[in-house]
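Read the structure below first, then the notes.
What follows is calculated from the coordinates using simple rules that are stated; it is not laboratory data. Source: prediction; values computed, not measured. Methodologically, a virtual Cβ is constructed for each residue, glycine included, from the backbone with ideal geometry; neighbour enumeration extends over all protein chains shown.
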């Protein structure tokens, strides 16, 4: 409960990081406007806009540091300086608006998407340059790396099982994983 309280307290601007906060608020506002201007039926754009808004919220509130075990570090230091997931969500903040701009025909959404994407790229690079540039490779997480690898592999396996019928790739009969790029015809399968 205190983690949630700490996350909600960090939503407001801080005097220490006022420039970063104003940048995040501006990117948040741009992506909300993009979300509102997207035409009906634009599922990809809607999902990407919501993902960017969620990533901006996570980055502003230092949520990775508060929700994950930050080890010997403070939650803010772990989120901003060390954790590799922070860099990955900043890449989403940069890439998703550009993807929205490329996938829409509406001129106002395209313009705002390019502006938000360029702003996200500048933000991502400057935060990397000022915060994460000096981090050593073994220290890209604040907690036990073996646990992270195990959890990530479990998520990948579960994602593969959940999407196997939709993607229909790399399976022989949709139940047995294999290295076949698609379903084989019955006369091409040898047992």
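Data overview
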item: Spacing of the two label points (7 Å from each Cα toward its C-beta) at residue 16 and residue 74, in nm; result: 0.3 nm
item: Distance (nanometres) between label positions extended 7 Å along Cα→Cβ at residue 88 and residue 9; result: 2.9 nm
item: Inter-label distance, nm, simple model (7 Å from Cα along the C-beta direction), residue 122/residue 57; result: 2.6 nm
